[in-house]
1. If you stretched the chain out fully between Ser213 and Arg259, how much longer would it get, using 0.36 nm times the residue separation minus the C-alpha to C-alpha distance?
2. I'd like to know which of Phe73, Met273, Thr124 lies farthest towards the positive end of the charge dipole of the chain, counting +1 on Cβ of Lys and Arg and -1 on Cβ of Asp and Glu.
3. Quick one: check the C-alpha center-to-center distance for region 214-265 versus region 104-166, whole angstrom.
4. What does region 206-301 give for Rg and for Dmax, in Å, if only its C-alpha atoms count?
5. How large is the charge dipole for the chain, taken about the Cα centre, if only the Cβ atoms of Lys, Arg (+1) and Asp, Glu (-1) carry charge, to the nearest 20 debye?
6. Please give the charge dipole size of region 206-301, origin at the Cα centre, charges +1 on K and R Cβ atoms and -1 on D and E Cβ atoms. Round to the nearest 20 debye.
7. Based on the inverse mean of 1/r over its pairs of different Cα atoms, what is the Kirkwood hydrodynamic radius of the chain, in Å?
8. Can you tell me the 0 to 90 degree angle between the C-alpha axis of helix 134-152 and the longest principal axis of the chain, rounded to 10?
Amino acid sequence: MDQTTRHSLKEDRLHGDNTFPMAVYWMEPGEAGAPVLDCHWHAEAEFFYVLEGEVLFQVDTDYFPVKTGEAVFIDGGDIHAGHALGDSACSFCAIVFDTHLLASASYDAVQERVISPLQDKKRTFPRHIKPDSDWERKLLSHLRGIMDACGQQLPGYEAAVKGRFYLMLHEISVDGRSCNRSETNATDTTKIDRLKTAIVYMQQHYHRPVRISEIADQIPMSEGQFCRFFKKMTRQTPIEYLNAYRIRQAAELLLHSDRTISAVALDVGFDHMSYFVKVFRKTMKCTPSHFRKKQAEFAERR
């Protein structure tokens, strides 16, 4: 289990370990309208459960509101993001898992009829899970059970988690409950691929000054076209996304290294200390020094 204050999931992060490839992340309340989950993707599947508030969620090119007590399922490889809605604070839990966690040791009926179709996106979970029917309420109950099991980590909790995943797959095995997302609209695929190209470039070069024009060249688009495209797809400007990504990397360095704050700022692409502190405060709601101190105090109490 991994817990953090406000941390978008990294594409290159190992969720869990090789023997149990899944992790649960609890996110603290974010301000209305602010990104609670920056645009990203990863190979693993994910359930996103809203604990408090309301979130405007994005999966690929679709946007929809998700309320307290509702969940979203994201297939592996799907771009996704979330923005807080309304006046109330927003908090959520993300359950990220490799579908190979559920694979059978041999090619049995479960693998053939349930797991393989899930991995191929031919029979997968509904995108938006709401408490509108008995079977959807059961899915939500199992998600809460997985969250509780991972939070307590009692001996054998892994069996409880896998058991609940299998029961959830049983619930969607009835005709009309699962979804086939194995094929994507060609236009949407092009947009998604372009967005991924831009995001990958920013994540690979965040440690140095990056011009918007050089990111746009990767697609390729004009600088103006790219800015409009990126804002429409992510609800953030390229600079807002790049700075948010840099701050997440800075937070990791502040927590897991003894480098000075000025050195961390340079490492993540900020040339001016005052601008780094300003952006860090806006994103993390505290200064870099206070963040490091607060996290150190939290670690001592554990």
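1. Contour length minus the Cα-Cα distance gives 13.4 nm.
2. Positive-most Cα among the choices belongs to Met273.
3. A separation of 34 Å, based on Cα centres.
4. 15.4, 51
5. With only Lys, Arg, Asp and Glu charged at Cβ, the dipole is about 740 debye.
6. Taking the Cα centre of region 206-301 as origin, the dipole is about 460 debye.
7. Mean inverse Cα-Cα distance, inverted, gives 20.5 Å.
8. Between helix and principal axis, roughly 60 degrees.
Every read-out reported here was derived from the displayed coordinates using simple, explicitly stated rules and does not represent laboratory data. Just so it is clear, the structure is predicted and the values come from calculations on it, not from any experiment. Glycine also receives a Cβ, built like all others from the backbone with ideal geometry; neighbour counts cover every protein chain displayed.
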